[in-house]
Each structure stands twice: as C-alpha cells, then as structure tokens.
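What follows is one structure encoded as structure tokens, with my remarks underneath.
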Amino acid sequence: MTASQWHESFARTLVEHGVAPGEARRLADDSTEEAQAANMHPADLFGPATAYAATMARAARPAPLQSLTRTRGPVVLRLTGVTKRYRRHEVLRGVDLTLRAGEVAAVVGANGCGKSTLLDICAGATKATSGRVERSARIGYAPQQRGVAPYLTPDEHFRLFGAVHGMAARRAVATGAHLASGLGWLPRPGIVAGQLSGGTQQKLNVVLGELNRPDLILLDEPYQGFDQDSYLDLWTQVYAWRDAGAGVLVVTHLLHDLDRVDHVLELKATEDR
C-alpha cells in the first residue's frame, strides 16, 4: 500500500466510524504529513490505516472528565514574547504562556506552525531567538521523535536516564517498570527499543520523561500509535501528575483533548499573522 492509499483508507475508515468528512480529511492530512516529516511510511509510524482510524475514532468519544477544580501551585513555566527564527524563516512569534504546578495546558495548531519547536525551547534543547523563558529546574520531556536509542533495552534506558538524575541503577529500573505499568506496558528483558512497536516506543518515551518526578512535564503528541486503552491510560497518568503537583504541557491535534485541560495555546503559521 502506497502512502497515498494509506491516506485514503485512513480517511474513509474514519468517516465509516462516524467522524465528519472534513475532520477525517484533516486528520488524514496531518498523519500523512507527520509521517513525511519523519521520513517514514504512515503504516510504519501509525500501523495499518483501518486499525489506526478505528482507534482515533474511538478516542473521539471522550471518557468522563475529572474535575479541574483544585489549588494551583507556583509557576513552573512562563513564556513571554518567545520568537524563533531560522535565518529568514520565522517559526514562532510573540508566544506567551503561564503554566502553574497542578495545571495542564495544550498546544494546538496546524502542521508546521512550530509546536515541536516550542517544546524544544521549553525543554532547553533549542534557544529562542528572542523573548523570555522561565521554567522549573526539574523537567521531563517526551519528544515526538528521536526520544529513544534503538539498540538499548528499556532497562538500559532506565539505568542511563536514572544515572543522569542521580538515581541508583536498581531504583531507576524499578521506578521505570512501575511507571510503565501505569501505561499498561510490562517491559520484556532483552528486547531493544528498535524492536518495539511505535506505540510502545512512545510509552518508553513518556516513562523516561517522568522518571525523575519532574515539576514540569512536556509531551509532544505522546499517544502516536496508542490503542484506545493506552490513550485513556495516558490521560489517567496526566491527571496523576497534575494532582501530584506537576505542570503538564502537551502538544495535541485531537480537538476533544481540549476539554481536558486548563489552558489552550493555539499557534498559527507565521505567514497568517
């Protein structure tokens, strides 16, 4: 199946599952563009078109939401007038956001509007061209791509990332296994990350982002390749982080996720401003 055929099958199956045609086409376009950006065939990134469409359609029926009424804590992330340029190309312009401990914020926008770049800036992996970034010292980051080493096992990832945070190897492995169980995943000994499915690699990414119990957790579309149960497990984890006092910033293209968060930051392509 070519990428174009995967796209058409994905959009058609979404409509069959009750998704509006316009929204189905948008989701298909977004998924195909994400695969192109990763230089991968959509089926390799997301799985079979019909199965992924069924998962996305089920996810469009939100689970009952937990109350967002609670006490907010200190600021864990503040962006003031953040702008990013690459030579003559401006990716972000004048972005403002304040996120406190115990809050969840979503970043939304069309492909190419700078969502992943913004999270890189928040994590300190990329420097803003101008503006001010204030953040907690304890950060967890689960990027959409490039988050895991393909030739290391999950336990080796836990030990490596744990060492960075000053954790003993045994404690890091035990903590990683416990956090993985919260996402419905039991790491198997001897299996390297490159042999894991795309969805399971994303689970490993999320676990590594939470390993040091950070005050600020950054998630870049963390549910790619998740089935419905894993998707709901992720939001259970997000609520647990929020209730434990962390601030969570998540990039999403699922519009119903916006009912689950405290703040929504919509990025627009700079040429539209």
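Each value in this text was obtained by applying a stated rule to the coordinates, not by laboratory testing. Only a predicted model underlies this, so the values are computations on that prediction, with no experimental measurement involved. Every residue, glycine among them, receives a Cβ derived from its backbone with ideal geometry; neighbour counts consider all protein chains shown.
Quick check on the stretch 3-59: what does the Kirkwood estimate of hydrodynamic radius come out to from the alpha carbon pairs, in Å?
Taking the inverse mean of 1/r over all distinct Cα pairs, the stretch 3-59 comes out at 10.8 Å.
If you average the C-alpha positions of the stretch 16-38 and of the stretch 159-199 separately, how far apart do those two centres end up, in angstrom?
32 Å
Under 5 Å between amide hydrogens, which residues at least 5 positions from R100 or on another chain qualify, with H placed 1.01 Å from N in the peptide plane?
For R100, the qualifying residues are V76.
For the chain, evaluate the Debye formula with one uniform point scatterer on each Cα (no solvent term) and list log10 I(q)/I(0) at q = 0.15, 0.16 Å⁻¹, rounded to two decimals.
Result of the Debye calculation: -1.21, -1.37.
Tell me, in nm to one decimal, what length is gained between R88 and D30 on full extension, where the rule is 0.36 nm per residue of separation less the Cα-Cα distance?
Gain in length upon complete extension: 18.4 nm.
Sum up the charges of everything whose Cβ sits under 9 Å from the Cβ of A172, counting Lys and Arg as +1 and Asp and Glu as -1, but leave A172 out.
+2
List the residues whose amide H sits under 5 Å from the amide H of T126, counting only those 5 or more places along or on another chain, with H placed 1.01 Å from N in the peptide plane.
I121
Normalised by the residues of the stretch 3-59, what does the relative contact order come to in percent, with Cα pairs under 8 Å and at least six apart? Before the final figure, lay out each step's value.
Values: 50 pairs, mean separation 27.6, N = 57.
For the stretch 3-59, the relative contact order is 48 percent.
Around D155, with a cut-off of 12 angstrom between Cβ atoms, what is the net charge of the other residues, counting Lys and Arg +1 and Asp and Glu -1?
On the way: positive: R159, R170, R188; negative: E156.
Computed value for this residue: +2.
Among the trypsin sites (Lys or Arg not before Pro) in the stretch 80-164, which ones are in a DSSP loop with at most 15 other Cβ atoms within 10 Å of the Cβ? Mind listing them?
R87, R88, K127, R138, R146
What percent do you get for the relative contact order of the chain when only Cα pairs under 8 Å and 6+ apart count?
It rounds to 24 percent for the chain.
Would you please give the residues with an amide H less than 5 Å from that of I217, counting only those at least 5 places away or on a separate chain, with H modeled from the backbone geometry?
G140, G247, V248, L249
Report ³J(HN,Hα) in whole Hz for each residue of the stretch 222-239, in order, from the Karplus equation J = 6.51 cos²θ - 1.76 cosθ + 1.60 where θ = phi - 60°; Gly and Pro get x.
Listing the rounded values in order: x, 9, 4, x, 6, 7, 4, 5, 5, 4, 5, 4, 4, 5, 4, 5, 4, 5 Hz.
For labels at Q228 and E266 in the simple 7 Å Cα→Cβ model, what's the distance in nm?
2.9 nm
Hey, could you get me the Stokes-Einstein D for the stretch 83-212, Kirkwood radius over alpha-carbon pairs, 25 °C and 0.890 mPa s, rounded to whole µm² s⁻¹?
For the chosen part, D equals 149 µm²/s.
Under a point-charge model restricted to the Cβ atoms of Lys and Arg (+1) and Asp and Glu (-1), what is the dipole moment magnitude of the stretch 3-59 relative to its Cα centre, in debye to the nearest 20?
For the stretch 3-59, the charge dipole is close to 180 debye.
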